[in-house]
Every structure is written in structure tokens, then in C-alpha cells.
Amino acid sequence: MIIFSGGTGTPKLIKGLMQIMPPEDLTIVVNTAEDVWVSGNIITPDIDTVLYLLSGRLDEHKWWGIEGDTLRTYEAMRSVGFDEGMMIGDLDRATHIMRSKMVREGMSLTETTQRMCELFGIKAHVYPMSDDTVSTMITTPDGKLHYQDFWVKAHGEPEVLEVSVEGLPQAMISPAVLDALNNEDEVLIGPSNPITSIGPIIDLPGMREKLMDKRVVAISPIIGAEPVSGPAAKLMRACGYEVSSTGVAQRYQGLLDAFVHDVRDDPLGNDIGSPDCRIVRADTLMRSADVSKELARYVCGIFESM
């Protein structure tokens, strides 16, 4: 199974999948449009969340960073007036340093991610969506901000006028992802932000064509009119989508064989833009490992019934 993932909602589902599937059967394609260089090191937040989850080190209270990490380096720099803008843990920074060294030595992001999996003892397959630089930019009344500046530094507070992804039209799907798509028939679009986490993956040149002959299931990250976490509501409105599971399904229009939304939602009508898409409901609010496991079982059952 191939899973398209961002950095929070989908890792919770992956945690459930890990309980019912061998890790070797999981191929996780991760958003890289939120990557950024900080203090000379490349930070790939969504990839690192997946790596830390799979290696058993993720801080599952925050769903980012490493459990028990310290901030001594960050605090030492800040004490002399050097504010990185992001609270980077010491152990997390070690990952960034190793990856950045490999990139400077000529390795691609795919190659560095595979090497990190080896170093961390990860048996699942984790790939960046692309080896090319792609950056989600948020246009506000005061100008454009990188997604990390909008969400981390500005706490998601500025008004959003437009969302764009620089470099996406020229980017190529990672060769490892292409190989996986040529060998796998099942693609699960996880419950991550449909605009800034999943959007860049499915909008890569050639990706939609690759998905047309796959069995594709998506899970909504919206319950009612609110995202489970993150700034998806503000971003969806800026892109012209209703903040609802209907809006999520419309963002994925033409790709889906099945769409899962939450049991707390009203049943969806036929206005999702995909008349051939099967619409089902489940408990998608993964507040415990048991709920994640049950949702994972439910999704696997959908694929088996296709």
C-alpha cells in the first residue's frame, strides 16, 4: 500500500497501519513543500515526523519532534539574540545535520531519506514526493510568506489571500515513488491538510495520470466545518473550497474510488464532484491507538472489497 502523507493526521493513521501490516508492506510518500533551510540545515518536517514515528521516537503529545528532546542549542543561540524562529530540539537538529551533510555531498533527498531509514532501523519505505525544491507560499496582505513563516513564526494569524507552490510545475516525481506506483495498485490519501500537505503531492506533474489506474481511497481531515488540527480551514477558504468533507472530496475530484468521512458528519450528497466515488463513514478522530488501528482496519477492508 502507498500512503500519501503530511505531518500530523496521516502519521496517526500510519500508527494504526503499523499494528496490522508488516512494515515492509508500507510505502509512505511524504510532502516536501514545507521544507526549509534553517541555520544552515535543511528541515523536512513531514518526513521527520514519519521517520520518528516509524522508529518509535516521535513525541506523540505534539505529533512532531522527538520524545524527551531538549532545546539547549536553540536556547543558547536565542540568549545572544539569534532567534531561528523555529524551536528545534537538540536530537531533532542532529537529524537535520546528518541529512544536510549528505545533501552537500551530492545525495538526493530520496537517497538521504533511505539512508536515514537505515540508520534508524526503519523497514517501511519512506520517500519524499520529489527531489526538487518545492515551496508552499502563503500570500497575505503584507506579502508572501513561506508556509513555515506563516504557520510557525506568525502562528497562522495573517489573512490568507492565496496559496501557491513555487517550483511545482518544474518538479519531478521522485524516481523511487515512480517505481512504487508502477508496482502498487492501492493508494491511500491520508487525513492531512488537503491544500498544503496532500495538494503538492497530487499536483506534481504526471501524478494524476499515474493515479488514474490505481485504487485510491482518501480520508477527510475535516469533521463538521473544522479541521482536526492545523490551518486547513483558512487555506481551503482561500483556495475557494468549502471547509467540509465535501470541500476535501472536491479538491481530490476525479481521483477517488472511495472517500471516508467522519461519523459525526452529516451524510454527504452527490455534490462532491466524483459521481463514481463510494462514500463511507467511520470514526476518523484518532484520539487513541485503538481508534487509529480500527480506522486502519476499516480502510484496508475498503481496498479488499474493491
Checklist entry - Of all the accessible heavy-atom surface of the stretch 233-306, with the other protein chains kept in place and a 1.4 Å probe, what percent is carbon and sulfur? => result 43 percent
Item to check | Exposure rank, largest accessible area first [99, 93, 115; 1.4 Å] | outcome: 115, 93, 99
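Round to the nearest 0.05 the FRET efficiency obtained for residue 280 and residue 61 when R0 = 41 Å and r is the Cβ-Cβ distance.
Calculated value: 0.85.
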Item to check | residue 184 - accessible surface, heavy atoms, 1.4 Å probe, Å² rounded to 10 | outcome: 60 Å²
Item to check | Euclidean distance of C-alpha centroids, the stretch 48-66 and the stretch 69-106, integer Å | outcome: 17 Å
Checklist entry - For the chain, what's the relative contact order in percent, using C-alpha pairs closer than 8 Å and at least 6 residues apart? => result 20 percent
Next on the checklist: For residue 64, what accessible surface area do you get with a 1.4 Å probe? Give it in Å², rounded to 10.
Outcome noted: 110 Å²
Checklist entry - Ordering 276, 132, 179, 59 from largest to smallest accessible area (1.4 angstrom probe), what's the sequence? => result 276, 179, 132, 59
Checklist outcome for this item: For the stretch 132-215, the accessible surface attributable to carbon and sulfur atoms (probe 1.4 angstrom, ligands and nucleic acids excluded) amounts in percent to 48 percent
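Determine the shape class of the stretch 68-195: with a ≥ b ≥ c the square roots of the Cα gyration tensor eigenvalues, call it rounded for a/c under 1.5, and otherwise prolate if a/b is greater than b/c, oblate otherwise. Can you show the working numbers first?
Details: a/c = 2.01, a/b = 1.18, b/c = 1.70.
Cα axes put the stretch 68-195 in the oblate bin.
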Checklist entry - If you take the square roots of the eigenvalues of the alpha-carbon gyration tensor of the stretch 1-160 and sort them as a ≥ b ≥ c, do you get rounded (a/c under 1.5), prolate (a/b over b/c) or oblate? => result prolate
Next on the checklist: Leaving out ligands, DNA and RNA, and with a 1.4 Å probe, what % of the accessible surface on the stretch 36-118 is carbon or sulfur?
Outcome noted: 55 percent
Next on the checklist: Per residue, how much accessible surface does the chain expose to a 1.4 Å probe? Answer in Å², no decimals.
Outcome noted: 44 Å²
Checklist outcome for this item: For Rg/Rh (Cα atoms, Kirkwood Rh) the list reads [x] 0.94; [y] 1.02; [z] 1.20; the calculated value is entry [x]
Next on the checklist: Using protein chains only and a probe of 1.4 angstrom, how many square angstrom of residue 18 are accessible, to the nearest 10?
Outcome noted: 80 Å²
Item to check | Simple spin-label estimate for residue 107 and residue 70 in nanometres, 7 Å along Cα-Cβ | outcome: 2.7 nm
Next on the checklist: Can you say what percent of the DSSP beta bridges in the stretch 1-147, counting only those with both residues inside, are antiparallel? Round to 5.
Outcome noted: 50 percent
Checklist outcome for this item: Violations at 31 Å Cα threshold for listed pairs 15/210; 101/214; 12/234; 15/153; 62/123 -> 101/214
Checklist outcome for this item: Across all Cα atoms of the stretch 173-303, Rg and the largest Cα-Cα distance (Dmax), in Å, are 14.3, 40
Item to check | Convex hull volume per residue in cubic angstrom - Cα atoms of the stretch 13-96 | outcome: 100 Å³
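For the chain, what proportion of DSSP beta bridges, expressed in % and rounded to the nearest 5, is antiparallel?
40 percent
The values are calculated or read from the model by the stated rules, or taken from the named source; none is laboratory data. If you're wondering where the values come from, they're calculated on a predicted model, not measured in any experiment. We place every Cβ from the backbone using ideal geometry, glycine too, and count neighbours over all the protein chains shown. Each accessible area value is taken on the protein alone, full model and side chains, heavy atoms only, with ligands, DNA and RNA left out. Shrake-Rupley method; radii C 1.70, N 1.55, O 1.52, S 1.80 Å.
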